[in-house]
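Below is one structure; the comments refer to it alone.
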């Protein structure tokens, strides 16, 4: 049997591939890596998914029994909080049980390195290889693991139960302009999506005296019967509530976090849902004009809007274009200062913060922007279009059989189209899927998800019509 660590960890369906037996073998693989690197401690956390407590407790018990100090989060905790806690404690890494925005039947394990960043492929490929070895051994001789009792390990302080919330929120207060928010009179509707950020995003704002109405602020392992992804179609109650209150003349906006709070969504005071591509451009521009201490480069993934490129070029900021996966953004953050780094799938981090997606911080920064400008974010976006040009981006996902997926990949890799929607392809990027950049600046990317059995089509041009045309053409290749 084989397992796969995708762009953000190992994800699988509970009781199918994600079982206690397979998990134990993955933990053995991680332990082998820790011993090779002489790493002695781990932060262990979870999101709100089914069996999260049991899986994280087993991990703490396993590592503590095997000589690794385990710092176990007392309740479900956001992914960025775990990342920050790894760095704060100078731990050897972190094990986080989360499938992020995947449907409720999934569970997952993400490993973060000592810098708080998602593990790079050279590490996760070791986990996959070690797992195969241990799985083969286990099939030949299935011996159960002998672990010390959990209570004994806690009493011996080999497992320490921790609450990482206060240090993290203190750090966020150093980044976000709390005074601007507190004095603005802005009101917030917050959708916690039954996830880990309840008691973080909303608490930070309430502590400033902001009026916050929280939706879905309790744990539900079924996430209300839908994937906890903060996409437009999955937050209808938030959008409707902001529209209702905005129609009454209130200075209100909506924010949301996904299941493990590494992603975010924003609904402005008009009830408009803004895409992550649009929000990243807004934050980048806002930081250039209002955060003078934030210096350095800007980083985007190859599936992210080229509006970032247009702003960077005009403002003379170095830009990095990296493969999809926040680990590649984190890799650059570790070696040089970065103003903003982000991806079109609603993940971002900022200057000298953690090298991991932080949806809690993202929500609060967009509240700050609205509080300072006293205008809908869609109006800010229009000013960017007026100044830097119009960019229309879209993405569509399709589930494909393995046969069709391989046929499409082979076609694109070996016989890449010379034109898309009547525009000549000027450059092809095959680092992650196949990206065709046309001579008019429009582009089309076809790539296969690292976390779900789907193919993703991304397109961007200067008009809705052309972007829709490009997506239709890409689908016709199947």
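The values are calculated or read from the model by the stated rules, or taken from the named source; none is laboratory data. Keep in mind the model is a prediction, meaning the values are calculated, not measured. Note: ideal-geometry Cβ built from the backbone for every residue, glycine included; neighbour counts use all protein chains shown.
Tabulated data for the structure shown
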quantity	calculated
Any chance residue 156 is on the phi < 0 side of the Ramachandran plot, assigned by TED's automatic domain parsing to the domain that holds residue 27 and surrounded by 13 or more Cβ atoms within 10 Å (Cβ to Cβ)	no
Tally, over region 200-233, of residues that are surrounded by fewer than 20 Cβ atoms within 10 Å (Cβ to Cβ) and under 19 Å from residue 260 (Cα atoms)	15
Hits in region 443-478 (condition: assigned to a strand (DSSP E or B) and out of contact with any helix residue (DSSP H, G or I) (no Cβ under 7 Å at 6 or more places or on another chain))	443, 445, 447, 454, 456, 458
Candidate set from region 409-442 (those that are touching a residue at least 24 places away in the same chain (Cβ under 8 Å) and in a helix (DSSP H, G or I)); member that is nearest to residue 308 (Cα to Cα)	412
Residue 105 vs. criteria closer than 20 Å to residue 199 by Cα, assigned by TED's automatic domain parsing to the domain that holds residue 22 and surrounded by fewer than 23 Cβ atoms within 10 Å (Cβ to Cβ)	no
Qualifying residue in region 89-112 (condition: in contact with a helix residue (DSSP H, G or I) (Cβ under 8 Å, 6 or more places away or on another chain) and in a helix (DSSP H, G or I))	no
Any chance residue 13 is in a strand (DSSP E or B), surrounded by 22 or more Cβ atoms within 10 Å (Cβ to Cβ) and not assigned by TED's automatic domain parsing to the domain that holds residue 223	no
Matching residues, region 227-246, being free of Cβ contacts under 8 Å to residues at least 60 places away in the same chain and out of contact with any strand residue (DSSP E or B) (no Cβ under 8 Å at 6 or more places or on another chain)	233, 234, 236, 240, 243, 244
Options 36, 53; residue that is closer than 22 Å to residue 131 by Cβ, surrounded by fewer than 24 Cβ atoms within 10 Å (Cβ to Cβ) and at pLDDT 95 or above	36
Those residues of region 116-136 which are outside any helix (DSSP H, G or I) and surrounded by 17 or more Cβ atoms within 10 Å (Cβ to Cβ), in sequence order	116, 117, 118, 119
Pairs with Cβ under 7 Å, 6+ apart, first in region 143-165 and in contact (Cβ under 8 Å) with a residue 12 or more places away in the chain, second surrounded by 14 or more Cβ atoms within 10 Å (Cβ to Cβ) and assigned to a loop (DSSP other than H, G, I, E, B)	164/77; 165/200
From 347, 341, 330, 325, residue being in the same structural domain as residue 296 (by TED's automatic domain parsing) and without any contact (Cβ under 8 Å) to a residue 60 or more places away in the chain	341
Any chance residue 204 is in contact (Cβ under 8 Å) with a residue 24 or more places away in the chain and over 18 Å from residue 362 (Cα atoms)	no
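For (1) out of contact with any strand residue (DSSP E or B) (no Cβ under 9 Å at 6 or more places or on another chain); (2) surrounded by fewer than 17 Cβ atoms within 10 Å (Cβ to Cβ); (3) at positive phi, each residue gets a yes or a no:
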position	(1), (2), (3)
302	no, no, no
306	no, no, no
318	no, yes, no
322	no, no, no
326	no, no, no
331	no, no, no
335	yes, yes, no
342	no, no, no
350	no, no, no
